[in-house]
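Report on the following structure.
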Amino acid sequence: MQLKTKLFGRTYVFKSVKEVLAKASEEKSGDILAGIAAESNEERIAAKRVLSELTLEDLRKNPVIPYEEDEVTRVIDDGLSEGVYNKIKNMTVMELREYILSHKTTGEDIKRISPGLTAEMAAAVAKIMSNMDLVYAASKIKIITTARTTIGLPGTLSFRIQPNHPNDSVEGIMASIMEGLSYGSGDAVIGINPNEDTLENTIKLMNVTHDFIEEWAIPTQNCVLSHITTQMKAVEAGAKVDVFFQSIAGTERCNREFGITAKLLDEAFEMINKKGCAGGPNLMYFETGQGSELSLGAHLGADMQTLEARTYGFARRYKPFMVNNVSGFIGPETLYDGRQVIRASLEDHFMGKLLGLPMGMAPCYTNHMKADQNDQENAIMLLAMAGANYYMGVPGSDDCMLSYQDTSYHDDATLRELLGLRPAPEFERWLEEMGIMKDGKLTEIAGDPSIFFKIKPLGRR
């Protein structure tokens, strides 16, 4: 295994695969803050060259956190398909890149090698790709999942209604849900981030959204983004929910900061399969994003991108219905500006799909970042071209509970029109029955939530 190269008349020597991975990353404020980023563009290029010549076997044998020390490493390594891995282990990272980008290689070809790839391999190949490479490669891979509805089908683009409210007012939340539905959003999920993570509040929000979905016969699923332990207690108490949610990370230490372990998620996975209201088979919803390990002091010297890939390697154990990437949510400490948010979002979307996950994207930003609405819109257009399964729908793009900027209901409708994409088929049929959409286009009544007060609920007919 060669960890040095000569470039521009200078020899660059790296101490470990972990250092090569970190220094081959595109510039990001979080890696600089951690003191692990390349010190110059020349060193970054040298690291990319060394990385490109490593084999997939080199990367498996040198995870950024040793197998003996980290549960995430063990979950990923133990879950690997040895048969697939043995067929591809002698490929270099450069050869893997050429294979993925070849016009002869289909999305199904890529999905066949996916079970033999570790997170470090996914991160490595993404590090030697350009932005357009990442868009092109990801666009080939279709990951289709089903809870009540099916998302990720070719030609479709789905959305999560995120009807958060600062004090969890049911009236305020319901108004947001109705507005989102009237714009054609909501086929991915109706998912509420509660302000109060209490059992009583979680039960209330689960049941009110479940009852509304049943009353109006809406082909979608509900979710309340309390901590997974609160959701489990709510279901034990009889609350009605379709999908379980949890934030996850790429190191065992960070997951413990989140209050989770693989054992706990195994229990949640079993519970939602037995007691959830949706048929599945995909019933878990994870949120991720570069920088969470750094912000919690749990990165262990590994770079943000590689840790994000490890998060996906951990997630695939649970065959999730949706994974939402929120790069930019933390702020400039991890991703400084629009350029870094766009790059991280493209990397994460590709790495997630390469590892077999149904990626939704939320290239969001906080108001103290050097990023604005134009950066976000550039990102969502690129990610839509890359084939993202879904986006957020937030009233006016401004989350009044979490205080950050995300995609709006208007953005949702624009992206579908711009790229000729449609809602999930069963959801589109419901929109047509409501008069909100016809032949794939929003009608004159779209955007008017008062329609829910003017007609009889479809579920009662």
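Observations on the model:
- Packing rank of 298-308, 66-76, 445-455, where each peptide gets the mean count of other beta carbons within 10 Å, highest leading: 298-308, 66-76, 445-455
- Against the chain, whose longest principal axis comes from its Cα atoms, helix 409-419 is set at around 60 degrees.
- Only DSSP H runs of four or more residues enter the estimate; each adds -39500 (n - 2.57), and after division by the residues of the chain the mean residue ellipticity at 222 nm equals -13000 deg cm²/dmol.
- Summarising the strand pairing of the chain, around 30 percent of its internal DSSP beta bridges are antiparallel.
- Hits among lysines - C-alpha to C-alpha of Lys23 under 17 Å, sequence gap 8 or more where chains match: Lys4, Lys6, Lys15, Lys48, Lys127
- Taking the Cα centre of the chain as reference, the dipole from Cβ charges on Lys and Arg (+1) and Asp and Glu (-1) amounts to some 1320 debye.
- Over the chain, Cα pairs under 8 Å with separation of 6+ residues give a relative contact order of 19 percent.
- Thr443/Ser169 FRET efficiency (R0 35 Å; Cβ-Cβ; nearest 0.05): 0.75
- The amide H of Thr150, built 1.01 Å from its N in the peptide plane, has Glu426 as neighbours under 5 Å, considering only residues 5 or more places off or on other chains.
- Using heavy atoms of the protein chains and a probe of 1.4 Å, the accessible area assigned to Met385 is about 110 Å².
- Total charge dipole magnitude, the range 1-156, about the Cα centre, Cβ charges on Lys, Arg, Asp, Glu only, Debye to nearest 20: 460
- Applied to the range 129-146, the Karplus parametrisation 6.51 cos²θ - 1.76 cosθ + 1.60 on θ = phi - 60° returns per-residue 3J(HN,Hα) values of 10, 7, 4, 5, 4, 5, 5, 5, 4, 5, 5, 6, 9, 9, 10, 10, 10, 9 Hz, with x for Gly and Pro.
- Put Cys223, Cys400, Cys277 in order of accessible area, highest first, and with a 1.4 Å probe you get Cys400, Cys277, Cys223.
- Accessible surface calculations at 1.4 Å, restricted to protein heavy atoms, place the chain at 38 Å² per residue.
- Solvent-accessible area assigned to carbon and sulfur over the range 4-140 amounts to 50 percent, based on a 1.4 Å probe.
- Which of Thr150, Thr198 is most accessible, then next, and so on - probe 1.4 Å: Thr198, Thr150
- Exposure ranking of Leu418, Leu153 by accessible area [1.4 Å probe, largest first]: Leu418, Leu153
- Annotation: amide H of Tyr365 within the under-5 Å range of Gln405, sequence separation 5 or more or interchain, hydrogens built in the peptide plane.
- Nonpolar atom fraction for the range 322-367, defined as the carbon and sulfur part of the 1.4 Å probe accessible area, stands at 52 percent.
- For the range 167-180, backbone phi angles converted through the Karplus equation (6.51, -1.76, 1.60; θ = phi - 60°) give residue-by-residue couplings of 10, 6, 4, 4, 5, x, 5, 5, 4, 5, 4, 5, 5, x Hz, Gly and Pro being listed as x.
- Judged by the mean number of other Cβ atoms found within 10 Å, the most tightly packed of the peptides 213-222, 118-127 leads the ranking 118-127, 213-222.
- Whole-Hz couplings from phi, Karplus 6.51/-1.76/1.60, listed for the range 39-51; x for Gly and Pro: 7, 7, 5, 4, 5, 4, 5, 4, 5, 4, 5, 4, 4
- Based on C-alpha pairs under 8 angstrom that are at least 6 apart in sequence, the range 110-234 has a relative contact order of 21 percent.
The values are calculated or read from the model by the stated rules, or taken from the named source; none is laboratory data. Since this is a predicted model, take the numbers as computed values, not measurements. All Cβ positions, even for glycine, are placed from backbone atoms using ideal geometry, and neighbour counts span all protein chains on display. Calculation scope for accessible area: heavy atoms of the full protein, side chains included, ligands and nucleic acids excluded. Shrake-Rupley method; radii C 1.70, N 1.55, O 1.52, S 1.80 Å.
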